[in-house]
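Everything on this sheet refers to the single structure shown next.
The values are calculated or read from the model by the stated rules, or taken from the named source; none is laboratory data. Please read these numbers as outputs of a predicted model, since none were measured by experiment. Every residue, glycine among them, receives a Cβ derived from its backbone with ideal geometry; neighbour counts consider all protein chains shown. Heads up: the accessible areas ignore ligands, DNA and RNA and are worked out on the full protein's heavy atoms, side chains in. Shrake-Rupley method; radii C 1.70, N 1.55, O 1.52, S 1.80 Å.
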Amino acid sequence: MSAEVVIGAWVAVGLSLCMYSFLYKDNPFFKFGEHVFVGVSVGYLLTITYYQVMTNKLYIPMTQQGKRWLLVPAFLGLLLLARFIPSIAWLSRISFAFLLGISSGLAIPRQISSFILKQVEGTLKPLVTVGDGGVAWMTWAGLNALLVLIGVVSVLFYFFFSLEHTGTVRRIARVGIYFLMVSFGAAFGYTVMARMSLLIGRFDELMLYASASYGYATPVLLVAMIVGLWWWERGQERKT
């Protein structure tokens, strides 16, 4: 096992235990891990942005491919930095106007296509299947299409507030509530299972790093953190 791998394992175990220490209470170990995570994330994002935008999409095309027109977006990008200078902060509005205009022009058609047209297309599916053997009524595809149609219509009735929810409208809206509860429950269950999968993966690595190949990183750092939390609690008691 190389030294780099062992050092990486110790760092990973230490930061993981620092984050899990929040289960006890807010403490300096958790704050340290939180600050390291935020700092490394921001530094990594800035580095990737610099190389991907400044180097690959600006400097190299301008110097090697002769795309001088890229000076225009570069100038607009520099205008964004004027936001930090109060006397010329108004110049950044020009760049923000371009960003909002282009973003809206690209996002609105995609949103309409993805969340409206595709939803309508998924709802308007045939309830019967016509084949060589004739018309098939009770098929799984037809039942699924009928269920989707009932769910969409009932949920739309629930969010339709121009009519008073009484009588038939109230009954249909009640069915929509059931569909919403099932949808929210499924989404919540999927989120919980995804988080549990991440937790299990993290525990698997902690158990792996507890072996002698990695210098017993997990038990050593766990004991060290327990001692550190105990020492920190003693210091808090002396202050009070």
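Counting just the residues of the range 20-31 that are crowded, with 17+ Cβ neighbours inside 10 Å and not polar (S, T, N, Q), which one comes out nearest to SER211 (Cα to Cα)?
That would be TYR20.
Looking at GLN65, is it at pLDDT below 90 and loosely packed, with under 10 Cβ neighbours inside 10 Å?
Yes.
Assess whether GLN119 counts as being within 30 Å of LEU146 (Cβ to Cβ) and in a helix (DSSP H, G or I).
yes
Have a look at LEU45, LEU99, LEU71, LEU80 and point out the one that is surrounded by 14 or more Cβ atoms within 10 Å (Cβ to Cβ), in a helix (DSSP H, G or I) and not aromatic (Phe, Trp, Tyr).
One residue alone meets the criteria, LEU80.
Quick test of your reading of the structure: GLY122 fulfils all but one of (1) open to solvent by 90 Å² or more (accessible area, probe 1.4 Å); (2) at pLDDT below 90. Name the failing condition by number.
The failed condition is (1).
Yes or no, residue by residue, for (1) assigned to a helix (DSSP H, G or I); (2) open to solvent by 90 Å² or more (accessible area, probe 1.4 Å):
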{"residue": "ASN144", "(1), (2)": "yes, no"}
{"residue": "LEU147", "(1), (2)": "yes, yes"}
{"residue": "PHE157", "(1), (2)": "yes, no"}
{"residue": "PHE160", "(1), (2)": "no, yes"}
{"residue": "VAL175", "(1), (2)": "yes, no"}
{"residue": "VAL192", "(1), (2)": "yes, no"}
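Can you find even one residue in the range 197-204 that is assigned to a helix (DSSP H, G or I), open to solvent by 70 Å² or more (accessible area, probe 1.4 Å), acidic (Asp, Glu) and without any contact (Cβ under 8 Å) to a residue 40 or more places away in the chain?
yes
Answer with yes or no whether SER87 is within 28 Å of MET62 (Cβ to Cβ), of a type in the set (Gly, Ala, Ser) and either surrounded by 10 or more Cβ atoms within 10 Å (Cβ to Cβ) or without any contact (Cβ under 8 Å) to a residue 40 or more places away in the chain (or both).
Taking the combined requirement at face value, the residue does not satisfy it.
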